[in-house]
Amino acid sequence: PTNKWQKCTFEGTTLIELKCSYNQLTTLPYLRSCVSLKKLDCSANQLTELPDLRLCVSLEYLDCSYNQLTELPDLFQCVSLEKLYCFYNQFIELPDLRLCVSLKELYCSDNQLIEEPKVLPGVKVSS
């Protein structure tokens, strides 16, 4: 697979949803300037890492399941994140998600987690 994002930029703040699942992608574009991004579905690709999402403060939904990820980027500034799907990857641990105060659902099964995810009480966790 080649880098299908070459010469593709998302400058500005108008991108709200990016759905790029089932494309055999090995990388994602630079999304740091996408402060209005609410939904990112990059599931079922060949990703080994995700881009920096710290400034994606509007992000509500992230599905990165069915990839080859070994770690999640820092999501502590993603205070609007409600749903995180990261099952079927190669995670050994997940970052502390207790600062994701809006998180309602975390699906992280079929990984190699050595400890339970750190989330606020009341979050539905499937690990």
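A few remarks follow.
- Note that region 61-107 presents 46 Å² accessible area per residue, ligands and nucleic acids not counted, probe 1.4 Å.
- The length gained by stretching the chain between Phe76 and Val125 to full extension, at 0.36 nm per residue less their Cα-Cα distance, is 15.9 nm.
- Dipole of the chain, positive end: most advanced residue of Leu15, Val79, Leu50 [Cβ charges, Cα centre]: Leu15
- Net charge in the neighbourhood of Cys108 (other residues with Cβ under 13 Å of its Cβ; Lys, Arg +1, Asp, Glu -1) is -4.
- Loop-located chymotrypsin sites (Phe, Trp or Tyr not before Pro) in region 66-122, at most 11 other Cβ atoms within 10 Å (DSSP): none
- With both labels modelled 7 Å from their Cα along Cα-to-Cβ, the Asp52 to Val101 distance reads 2.4 nm.
- Protein accessible area in the chain, 1.4 Å probe - carbon and sulfur %: 48
- With semi-axes defined as the square roots of five times the eigenvalues of the C-alpha gyration tensor, the equivalent ellipsoid of the chain measures 23, 18, 11 Å, largest first.
The values are calculated or read from the model by the stated rules, or taken from the named source; none is laboratory data. Being a predicted model, the structure only gives us computed values, none of them experimental. Glycine also receives a Cβ, built like all others from the backbone with ideal geometry; neighbour counts cover every protein chain displayed. The protein model used for the area step is the full one, side chains on, heavy atoms only, and it has no ligands, DNA or RNA in it. Shrake-Rupley method; radii C 1.70, N 1.55, O 1.52, S 1.80 Å.
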